[in-house]
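All remarks here apply to the structure that follows.
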Amino acid sequence: MRRASWFNIGSLALGLAFLYLPIVILVIYSFNASRLVTVWGGWSIRWYAELIDDRAMLESAWVTLRIAFLSASAATVLGTLAALALVRFGRFRGRVLFSGMIYAPLVMPEVITGLALLLLFVAIDIDRGFWTIAIAHTTLITCFVTVVVQSRLLTFDTTLEEAAMNLGCPPVKTFLTVTLPLIAPALVSGWMLAFTLSLDDLVVASFTTGPGATTLPIRIYSEVRLGVKPEINAVCTILIALVAIGIASASLLAKFHHGGRGAMAGLAGR
Amino acid sequence: MSKLEAQRSWGERLILLVPYLWLAAFFLVPFLIVLKISLSHTAVAQPPYTPVFDVAAGWSGVIRALSTLSLENYALLGSDSLYLASYIKSLEIAAGSTLLLLLIGFPIAYGMARAPRRWQPVVFVLVVLPFWTSFLIRIYAWINILQRDGLLNQLLLALRIVDEPPAWLSTDTAVYLGIVYSYLPFMVLPIYATLEKMDETLLEAAADLGCPNWKAFWLVTLPLSRPGMVAGALLCFIPIVGEFVIPDLLGSSQTMMIGQTLWAEFFANRDWPVASAVAVVLLCLLVMPIVIYEQVQTRDLARGG
């Protein structure tokens, strides 16, 4: 017996309003014609037009996207391997340390991770910039991929693999033709999660960056500290739109494959 | 057959070794370096600390290095009340906002779990969606609203609730608001997960035995949703203690949270050893809740959750 009482509907509606209102206001104000961010001067797309001429902002966006792509891909490989090890290998030497290293970054304050990675890069004396951020992000987001893939592997029907092996299929081929296609939705949502986390990150990137590698969050942060600007509203709106498109296409993809469950698990993974 | 076994175990070893080595190199080793640097002396140089270990000097070097290890940075943390105030402020804000998150998150999760079955996927996506958008953007959105001539004050003035626009930015209220806003899904989802799995026949049994609804909620629903609340609280509390972006953009500069202190020590004062010591002490503070979190995580996974 399920009845939606007024209290339940009310708390849900209030909660959703609280979550969405600030974002909606931000999006609306990005189309404000007035330079004064608090005065409504009619609809306009002038801030978007000005963005196209902002070389520095575009440069940052490009750097950020490349880093996110690289580190999300690397993290998907590492995270999947780690998930396989955790789910399939049972007890092995160093398991406690291994799972500790997997789960700790989930909750570790970013200032600590950032500081630690920077001190490592200084100690081994490599030039900081694009590659150091990519390495740092890979380390930071691998655990999220692991959690997503792990939850898929736990509900995995291993008899399919056994059947393939019994019919003489070698392990590597079994993995590639049976296991991988079955966990693919989890890999996709893990990759997407990793990608958005890398796009998002300010703190770790600030610690590990160097000359010539100013990511979008670093640039937005330095502008935001000086106050609200209509151009920043426009940048943020574009980012929100990109994420929304990404999520929508991913959930359509998942619906196509697995009736929506894969995307659910993936979204819940964070 | 034996050849196949050997081959497989070699492949398995590789599966384990690759992520293991990566995490050891880029997660574990960096922390050892932090520990090492927190024990070294501050120097006006590049990098701004004197190296503790000189590998070239061999064993005698190690012994000499051990004798130069100093606890001066930790002594500084203890003697300067700035750091202590910062730690206390962080724990205070983390505890307060975790409590607020529980109070706000529970009704939302409850509403989600009690929504009709066919709505649930939609409601779920609606709750999760905002936290796929950038953390920074969501905090920035609040600056838009909270600034002195922002929408909130315009609304309050228009409704004649206040005569003078109050300052919202640079206050603890704004920090609490920003934290609750940003961490809400981290609290809602674990609670929702336990409530959703709950056996509803238990509530029917309670009702059949004449237990009023509110009492059934108190005696059945609430205790059964405790694992979710614990997981949610830990998932929020631990990162909030070290939070940097939210207090930096929304809070005042008078009492800084420890994440800000670490950032300032590192970027403004360029005192890397002290920054490292701040990080080590913070880590020690968080080790207990992190261990509890891991236990909860492993137990949930073992249950197939």
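The values are calculated or read from the model by the stated rules, or taken from the named source; none is laboratory data. Note that the structure is a prediction, hence the values are computed from the model and not measured. When we count neighbours, we look across all protein chains shown, and the Cβ atoms used for this are built from the backbone with ideal geometry, even at glycine. For accessibility, only protein heavy atoms count, side chains too; no ligands or nucleic acids. Shrake-Rupley method; radii C 1.70, N 1.55, O 1.52, S 1.80 Å.
The table for this structure:
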read-out: Scope the range B:132-142; condition aromatic (Phe, Trp, Tyr) and free of Cβ contacts under 8 Å to residues at least 12 places away in the same chain; matching residues; value: B:Trp132
read-out: First in the range B:143-167 and farther than 28 Å from A:Tyr221 by Cβ, second anywhere and exposed (fewer than 14 other Cβ atoms within 10 Å of the Cβ) and of a type in the set (D, E, K, R), Cβ under 9 Å, 6 or more apart; value: B:Leu157/B:Asp163; B:Leu157/B:Glu164
read-out: Selection status of A:Glu110, at the interface with another protein chain (Cβ under 9 Å from one of its Cβ atoms) and open to solvent by 20 Å² or more (accessible area, probe 1.4 Å); value: yes
read-out: Sole residue being over 25 Å from A:Asp200 (Cβ atoms), surrounded by fewer than 16 Cβ atoms within 10 Å (Cβ to Cβ) and at pLDDT below 85, chosen from B:Ala95, B:Ala115, B:Ala75, B:Ala85; value: B:Ala75
read-out: Failed criterion for A:Ile135 (all others in (1) at pLDDT below 85; (2) within 22 Å of A:Ser73 (Cα to Cα); (3) β-branched (Val, Ile, Thr) hold); value: (1)
read-out: Test: A:Ala61 is of a type outside the set (Val, Ile, Thr), within 18 Å of the chain's Cα centre (by Cα), surrounded by 19 or more Cβ atoms within 10 Å (Cβ to Cβ) and more than 9 Å from chain B (Cβ to nearest Cβ); value: yes
read-out: Residues (open to solvent by 20 Å² or more (accessible area, probe 1.4 Å) and not small (Gly, Ala, Ser)) located in the range A:79-97; value: A:Leu81, A:Val87, A:Arg88, A:Phe89, A:Arg91, A:Phe92, A:Arg93, A:Arg95, A:Val96, A:Leu97
read-out: Only listed residue being free of Cβ contacts under 8 Å to residues at least 12 places away in the same chain, among the charged types (D, E, K, R) and either in contact with a strand residue (DSSP E or B) (Cβ under 7 Å, 6 or more places away or on another chain) or over 22 Å from A:Pro22 (Cβ atoms) (or both), chosen from B:Glu200, B:Glu196; value: B:Glu200
read-out: Members of the range B:154-165 found to be at pLDDT below 80 and open to solvent by less than 40 Å² (accessible area, probe 1.4 Å), listed by number; value: B:Val162, B:Pro165
read-out: Near pairs, Cβ below 6 angstrom, 6+ apart or cross-chain, from the range A:161-180 (closer than 17 Å to B:Trp10 by Cβ and open to solvent by less than 50 Å² (accessible area, probe 1.4 Å)) to any residue that is modelled with pLDDT of 85 or more and of a type in the set (Gly, Ala, Ser); value: A:Thr174/A:Ala164
read-out: Selected residue (criterion: farthest from B:Ala193 (Cα to Cα)) from residues of the range B:121-157 that are facing chain A (nearest Cβ under 7 Å) and part of a loop (DSSP other than H, G, I, E, B); value: B:Asp149
read-out: Considering residues of the range A:15-48 that are farther than 12 Å from B:Arg138 by Cβ, open to solvent by less than 30 Å² (accessible area, probe 1.4 Å) and not in a loop (DSSP other than H, G, I, E, B) only, the residue farthest from the other protein chains (Cβ to nearest Cβ); value: A:Trp47
read-out: Selected residue (criterion: surrounded by the fewest Cβ atoms within 10 Å (Cβ to Cβ)) from residues of the range A:113-122 that are in contact with a Lys or Arg (Cβ under 9 Å, 6 or more places away or on another chain) and not aromatic (Phe, Trp, Tyr); value: A:Val122
read-out: Spans of helices (runs of 4 or more DSSP H) in the range A:194-270 with at least 1 residues at pLDDT 75 or above, open to solvent by less than 20 Å² (accessible area, probe 1.4 Å) and more than 7 Å from chain B (Cβ to nearest Cβ); value: A:203-208, A:216-224, A:230-258
read-out: Some residue of the range A:131-140 being in contact (Cβ under 8 Å) with a residue 12 or more places away in the chain, open to solvent by less than 10 Å² (accessible area, probe 1.4 Å) and not in a helix (DSSP H, G or I); value: no
read-out: Residues of the range A:80-98 classified as modelled with pLDDT of 85 or more and facing chain B (nearest Cβ under 7 Å), total; value: 5
read-out: The range B:171-211: number of residues that are surrounded by 15 or more Cβ atoms within 10 Å (Cβ to Cβ), within 13 Å of chain A (Cβ to nearest Cβ) and part of a loop (DSSP other than H, G, I, E, B); value: 1
read-out: Some residue of the range A:7-25 being modelled with pLDDT of 85 or more and touching a Ser or Thr at 6+ places or on another chain (Cβ under 8 Å); value: yes
read-out: Enumeration of residues in the range A:144-171 that are at pLDDT 90 or above and within 30 Å of A:Glu59 (Cα to Cα); value: A:Val145
read-out: Candidates A:Gly100, A:Gly190 - the one that is surrounded by fewer than 18 Cβ atoms within 10 Å (Cβ to Cβ), assigned to a helix (DSSP H, G or I) and in contact with a helix residue (DSSP H, G or I) (Cβ under 9 Å, 6 or more places away or on another chain); value: A:Gly100
read-out: Unmet requirement for A:Asp125, which otherwise passes all of (1) open to solvent by less than 60 Å² (accessible area, probe 1.4 Å); (2) not in a helix (DSSP H, G or I); (3) not hydroxyl-bearing (Ser, Thr, Tyr); value: (1)
